[in-house]
Amino acid sequence: EVQLLESGGGLVQPGGSLRLSCAASGFTFNSYAVNWVRQAPGKGLEWVSAISGSGGTTFYADSVKGRFTISRDNSKNTLYLQMNSLRAEDTALYYCAKVAIKTSSWSRFDYWGQGTLVTVSS
Amino acid sequence: DIQMTQSPSTLSASVGDRVTITCRASQHISSWLAWYQQKPGKAPKLLIYDASSLESGVPSRFSGSGSGTEFTLTISSLQPDDFATYYCQQYNTYSLWTFGQGTKVEIK
């Protein structure tokens with residue numbers, strides 16, 4: 001059974017940093033691209049970042065480019081999101097989601113975690 | 001970036017109604033479109049991919065159509081479990097991924 005379990009969320013002051021993790025199981029982790037998607041309270045879904053299965057290719061939304069860094073440790077089956085220079089507008093539930101197709105980042109997201117909440121506030 | 005625009009934003013319907021949600025892309029995306037259902041406090045669930053393919057385990061009352069820039073999600077006979085928010089998403093090759101703003105299906 002595919003499982004994605006996010007952790008690392010919490011309350012952080014504006015300008016602060018946080019690192020999110022997503023532990024994956026039930027599939028061959030290094031064969032699939034994975035993504036971070038966020039949802040501000042009461043709002044819609046916003047794609048944040050993606051990383052290829054090997055970790056060699058990364059993508060970012062303009063809203064986080066230069067502040068967030070996506071990475072993965074395939075030996076630990078874990079995805080990360082390092083978030084720096086956090087702003088109030090980064091407050092959201094952060095989901096990790098895997099793509100459905102091996103060896104392609106451009107695919108629907110077939111499994112999602114339950115999310116970890118990040119709150120940026122003084 | 002490719003913009004995705006859903007309509008309507010909110011839809012009031014009754015059990016048994018046929019429901020249609022539209023999603024428009026700001027540029028041609030072939031059939032690289034998915035539909036997701038999200039219930040309060042839950043992660044999104046994939047319903048339709050490649051514009052018209054039904055994800056395994058999803059009831060057949062859900063269907064998708066369209067290509068290019070215009071897409072539709074149809075629920076043929078709305079069931080109590082279907083009251084939720086629905087999102088379209090494009091995954092056009094070599095483009096960044098984007099979601100529509102969502103359509104909330106409410107009880108009439």
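Residue pairs whose Cβ atoms lie under 7 Å apart, separated by 6 or more positions or on different chains, with the first residue in the range A:1-27 and β-branched (Val, Ile, Thr) and the second part of a loop (DSSP other than H, G, I, E, B) and at pLDDT 95 or above, are A:VAL2/A:GLY26; A:VAL2/A:PHE27; A:VAL12/A:LEU86. Count of the range A:70-79 residues, restricted to those that are open to solvent by less than 30 Å² (accessible area, probe 1.4 Å) and away from every other protein chain (no Cβ under 14 Å), is 2.
Which members of the range A:14-39 meet the condition of being under 17 Å from B:TYR36 (Cβ atoms) and either open to solvent by 10 Å² or more (accessible area, probe 1.4 Å) or not in a strand (DSSP E or B) (or both)?
So the first thing to find is which residues in the range A:14-39 are under 17 Å from B:TYR36 (Cβ atoms), and the list is A:34-39.
Hits for the range A:14-39 are A:ARG38, A:GLN39.
In the range B:71-88 there is at least one residue matching the filter, namely being open to solvent by less than 30 Å² (accessible area, probe 1.4 Å), charged (D, E, K, R) and modelled with pLDDT of 95 or more. With respect to A:LEU11, determine if the residue is assigned to a strand (DSSP E or B), open to solvent by 20 Å² or more (accessible area, probe 1.4 Å) and farther than 30 Å from B:THR103 by Cβ. Taking the combined requirement at face value, the residue satisfies it.
Given the structure, is A:ALA88 open to solvent by 30 Å² or more (accessible area, probe 1.4 Å), in contact (Cβ under 8 Å) with a residue 60 or more places away in the chain, under 30 Å from B:GLN6 (Cβ atoms) and of a type in the set (Gly, Ala, Ser)?
Numbers: open to solvent by 30 Å² or more (accessible area, probe 1.4 Å): yes; in contact (Cβ under 8 Å) with a residue 60 or more places away in the chain: yes; under 30 Å from B:GLN6 (Cβ atoms): yes; of a type in the set (Gly, Ala, Ser): yes.
Yes.
The set of residues in the range A:91-117 that are open to solvent by less than 40 Å² (accessible area, probe 1.4 Å), within 14 Å of chain B (Cβ to nearest Cβ) and outside any strand (DSSP E or B) comprises A:ALA100, A:SER104, A:SER105, A:SER107, A:ARG108, A:GLY113, A:GLY115. For the range B:36-66, the candidate set comprises residues that are open to solvent by less than 60 Å² (accessible area, probe 1.4 Å), outside any loop (DSSP other than H, G, I, E, B) and within 11 Å of chain A (Cβ to nearest Cβ); within that set, the residue that is nearest to A:ASP110 (Cα to Cα) is B:LEU46.
Quick one: would you say B:THR98 is at pLDDT 95 or above, touching a Cys at 6+ places or on another chain (Cβ under 8 Å) and under 25 Å from A:ALA50 (Cβ atoms)?
On the way: at pLDDT 95 or above: yes; touching a Cys at 6+ places or on another chain (Cβ under 8 Å): no; under 25 Å from A:ALA50 (Cβ atoms): yes.
When the stated conditions are applied, B:THR98 does not pass them.
The values are calculated or read from the model by the stated rules, or taken from the named source; none is laboratory data. Everything quoted here is computed from the prediction, not taken from an experiment. Glycine gets a Cβ as well: all are built from the backbone with ideal geometry, and neighbour counts include every protein chain shown. Surface accessibility is based on the protein's heavy atoms, side chains included, excluding ligands, DNA and RNA. Shrake-Rupley method; radii C 1.70, N 1.55, O 1.52, S 1.80 Å.
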